[in-house]
Each structure stands twice: as C-alpha cells, then as structure tokens.
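The values are calculated or read from the model by the stated rules, or taken from the named source; none is laboratory data. The structure displayed is predicted, hence computed values, not measured ones. In this analysis, Cβ positions are derived from the backbone assuming ideal geometry, glycine residues included, and neighbour counts consider all displayed protein chains.
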Amino acid sequence: MKIISNQELEMIKQFESNCNEMINGKFILADIKIAKILKSIAKSKELYGFLAECLLNFDFAKEFEKAKGIDYTSNYFKMPEESYKKVALVFCLLLEIDNKKMDFYDFVNKYFKSKKEDDEYGLFTRTMLIPFRDEILKNFNLFDAPTEVEETQVEEKDSTVDLKSEIVKHLQSMLNITQISPKINAKDKEKLNIVLQGFIEAVKLKNKKVLFALEIALADCVSKVKAIKSMYNELLDKLIKFYKQI
C-alpha cells in the first residue's frame, strides 16, 4: 500500500471538509465553495495525481451527454457506474462552473427536480457530490460511511417545517436568486445580501422590532430590483402570519 505523508493526509482531510461544507450548505455562495474544493485538489500532489489518472482518456462532453436524460416530462442526471468516471465527471463539471462556462443554478434546477419541496440542491449533492467525495476518499482508504453529514441531512428532512423555518427558507431562496441574477449589479447584490442575512437572523430570534426595520430596508432594495419583487410580496404574506405568533 502506498504511504502518504502526514502533510498530504491533512490536505485530503481539508478536501473532505470543503466537500462537506458544500454538501451541508445551500445554493448561496456555492461558487465560492466549488472554488475551495478545486483549490484543495490543486494544492495536494496525491489528489491531483489521482484526478489526473481518472481523467486519462476521459471524454467529458461525451459522458456528460450520456448522463443526461428525460423521464416523461422531467429531466434527470444519472451518474456513470465506473468509479473513475464518477470522479472525472464531477471534477470536470465543477471546473466548467468555476470557469463560468456553465450556470450552476440552471443545471441543478433542470436536472435535479425533487418530489420534496426545495430539495433540488440536496438531490444534486446526493447524486453527484457525495459519490465524488466518497470515491476519492476510498482511493486513499479514508472512507468511513455513513458520514455525519449524511445523517444530519436525513434528520433535517424529517423535521417538522414550521412557519419560522418556512420564512427562513424563503429568504434563503431570495438570497440565491440575488447571487446568481445577472440583472442585479454588484452594489445592489451587496446591499441585498446584508439585509437578507440580517432578516434571516431576526426571524430566527423572533425579534419583531428588528424585523420591522429590516422590512423597510428590504422594501427600498426591492423597489430597485425586479428580479425578487414577486418573492418579496410572498414574504410579506408569510410575515403577517408570523407577526401574530411572536
């Protein structure tokens, strides 16, 4: 068995941690998390070497087309059976997204429609990112299943969705749209990001005074940004019910 230095082991663990961060996350800031995963691969000779082996004679365009499919009216994405193809396919896909050649949000929403509401991102991570992480860890005899990340996801899906969590989810969706929309300029994105993040925290704390203040700030932002206007109106309806509970 090949001996790996402690330094390389730490780099591989960092790669695993970066993957888990994205698996455990949401659409928001996915581009930054993807960049972190790719950077951790580039920094490790062992990871880079293994990826190079997987990419040998691998035809991304061909395998990507083979993975795409349609079931009645729904698109889906099926991973290849071979371990090295799983690793190579996801790695190339992450590179495409990182290089702005593919829109991550559009890809996930097109090919990972879920029966569970707002679970497209979760379906993507279970279909592609978790197998990608696990196949790489298996190569270095570092795979230990099931992982805490996957168990946590199951617990979250089984939890009862109350109004507070529904509003938080709605605000996170507004954040996602804000981040990926090409129609929102950088200055407005920054302002919306601050206001929406503050809104999420205020909802979690059930702080009505802060929520009232943030509602005014958000109304001002939305008046200049049409991309999330309809979502803002839906938010107001939910907040009316929420205010009666707190």
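A few points about this structure:
- Top-ranked residue in the stretch 1-28 [being aliphatic (A, V, I, L, M) and loosely packed, with under 12 Cβ neighbours inside 10 Å; ranked as modelled with the highest pLDDT]: Ile3
- Taken over the stretch 169-212, the criterion of being β-branched (Val, Ile, Thr) and surrounded by fewer than 16 Cβ atoms within 10 Å (Cβ to Cβ) is satisfied by Ile194, Val210.
- Considering residues of the stretch 115-132 that are hydrophobic (A, V, I, L, M, F, W, C) and over 18 Å from Phe143 (Cβ atoms) only, the residue surrounded by the most Cβ atoms within 10 Å (Cβ to Cβ): Phe124
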